[in-house]
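One structure below.
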Ligand code: PLP
C-alpha cells in the first residue's frame, strides 16, 4: 500500500527522532529526486542547492552509481571485513592513488564522517602514544562521542553534560570577515600571523609531546565555508611537522571535487598524515566513510594490530558505489567542470556583496560557497549573532524554499553547494532566485 504525503509526514513526526531538533516539528515528505532536483508529494520541485548535506555531489539517482549498486547487490551484499572482496580493494587503491601513492598507502573504511574522525583519532593516539587532539572551535567533525568532543561549534555542548572529555583541546581558527579583516594581501597576512602565533603558544603550553594530532577540516564547511587566509593551512602543517604532531585533514564535506580538486587539502602546499572522508565518496547513494593513512602510519600497523574494527567496514555494497562514484568523478572530469562553474558562481556571489545590503561577504572555491548575511554592512552586524535565534535566517531559508531553492546554513551563513553535475544554465537560473530572495531580505531585515 502506498502512503500519501500526509501519512508519510505523520509517521516521521510521530516515530522518528529527528537529529539536532525538537521533536514533532513538521517535515516535508519527499517523493523522488533526480539530477539537481527533488520533489515533494504535492509535485513541488526544489533545486537542491546544498546537495542535501553537501553529499549528493553527483546529483540524485546517478545512473552509473545506482547500476553498480544493483550489480553488487545481485552478486554479494555482505562479507566480513577480514575477507578480500573486489570493490573494497579497488576503492582503497583508487583513493590512495588520488591522495598520492608516494605518500599514502592504506585505507580503513567506516560508515560515515563521524566514525571516520573517531577512528582517525584512535589511530593517531595509538601511533604516537600521545593523548591530546587539538581541533578548531569553528568546526564540525561529527556526532559520535569522540568526533563530537572534537567538534567546535555549539552542538558539542550536548555531549558535555558530564563534563568535556579530557585531552580534546580547542583552538580558535580564522574567520576572516567576522574577525574584522579584509581579503587584502596585507590583512590576510596579518590574520594568518595572529592565528598561527596563538596556535604556536597553545601547543607550547599544552606540551607538544602530549599532542597526538591536529584535526582540521581542510576548509571549514558546515560553519560557513571559511576559506582560510593565505598561508594559514601551510603554517598549521609546519607547526605540526616541527612538533612531531600528526595532521588529520577532515575531507568529509570538502572532499570529492567540491573545491575543484578531489581533496581540498590539495589546494594548499601541504600533505596530511591522515585523511578522513565520507559523503561524496559514494555521492551519498550508500553510507560510507574512511581514513586514508600515510605510508609511515600504514607501515607501523604491520607490526601492531590496528585498534579499530567495524562490522560494516568496507561494506561491499557501499564500496561498489564508492568505486563507481569515484571513477565517475575521474572519467567525467568533474573537477574541471567544477572549476569552470566556479567562474560563474564566484563572480555572481561577489556581485551580490556589491548589490545587496544583507550580504556581508561571499566565499567560494569550486562549488563550495557561502554568504555571510548581515543587517548592517558598516558594522558587520550579523543577521543572527552567534548562538542566538531571532528567526531571521530560518525566514530566509523558508522564503528560498517557497521559491523552489533549497539550501541550509549555520549561524548567519547561507551555503551554496549545488550538486557538482549542475549545468551552467541551471546554476544561473538558481542564482536569479537567490538574487530575488536577497532583495527581499534587504528590505525586511537591513537597517540601510
Ligand atoms: N566532518 C565534517 C567536516 C562534516 O561536515 C560532517 C557532517 O556534516 C562530519 C564530519 C560528520 O559526518 P557524518 O554526518 O557522516 O557522520
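The values are calculated or read from the model by the stated rules, or taken from the named source; none is laboratory data. Computed from a predicted structure; not experimentally measured. We place every Cβ from the backbone using ideal geometry, glycine too, and count neighbours over all the protein chains shown.
You will find that of 98, 133, 79, the residue that is in a helix (DSSP H, G or I) and not assigned by TED's automatic domain parsing to the domain that holds residue 55 is 98 and no other. Between a first residue in segment 114-130 that is within 12 Å of residue 308 (Cβ to Cβ) and in the same structural domain as residue 295 (by TED's automatic domain parsing) and a second residue that is assigned to a helix (DSSP H, G or I) and away from the ligand (no atom under 12 Å from the Cβ), which pairs have beta carbons less than 7 Å apart while being 6 or more apart in sequence or on different chains? These pairs meet every condition: 123/297; 127/297; 127/300.
Residue check: residue 244 meets all listed conditions (1) within 20 Å of residue 200 (Cβ to Cβ); (2) surrounded by fewer than 24 Cβ atoms within 10 Å (Cβ to Cβ); (3) within 16 Å of the ligand (Cβ to nearest atom) but one, namely (3). Filtering segment 195-213 for residues that are within 16 Å of the ligand (Cβ to nearest atom) and within 17 Å of the chain's Cα centre (by Cα) leaves an empty set. Being away from the ligand (no atom under 16 Å from the Cβ), more than 29 Å from residue 207 (Cα to Cα), part of a helix (DSSP H, G or I) and assigned by TED's automatic domain parsing to the domain that holds residue 244 is a description that applies to residue 71. With buried (at least 20 other Cβ atoms within 10 Å of the Cβ), assigned by TED's automatic domain parsing to the domain that holds residue 45 and free of Cβ contacts under 8 Å to residues at least 40 places away in the same chain as the only criterion, which of 370, 384 stands out? The unique qualifying residue is 384.
Segment 278-356 holds helices (runs of 4 or more DSSP H) entirely within its bounds, and those carrying 2 or more residues that are within 16 Å of the ligand (Cβ to nearest atom) map to 316-331.
Criterion first (assigned by TED's automatic domain parsing to the domain that holds residue 55, farther than 17 Å from residue 175 by Cβ and in a helix (DSSP H, G or I)) does residue 420 satisfy it? Against the criterion (assigned by TED's automatic domain parsing to the domain that holds residue 55, farther than 17 Å from residue 175 by Cβ and in a helix (DSSP H, G or I)), residue 420 does not qualify. Residue pairs whose Cβ atoms lie under 6 Å apart, separated by 6 or more positions or on different chains, with the first residue in segment 145-164 and more than 20 Å from residue 115 (Cβ to Cβ) and the second assigned to a loop (DSSP other than H, G, I, E, B), are 154/387.
For segment 114-140, the candidate set comprises residues that are over 20 Å from residue 157 (Cβ atoms) and surrounded by fewer than 21 Cβ atoms within 10 Å (Cβ to Cβ); within that set, the residue that is nearest to the ligand (Cβ to nearest atom) is 122. When residues in segment 399-417 are screened for being part of a helix (DSSP H, G or I) and crowded, with 22+ Cβ neighbours inside 10 Å, 1 of them pass.
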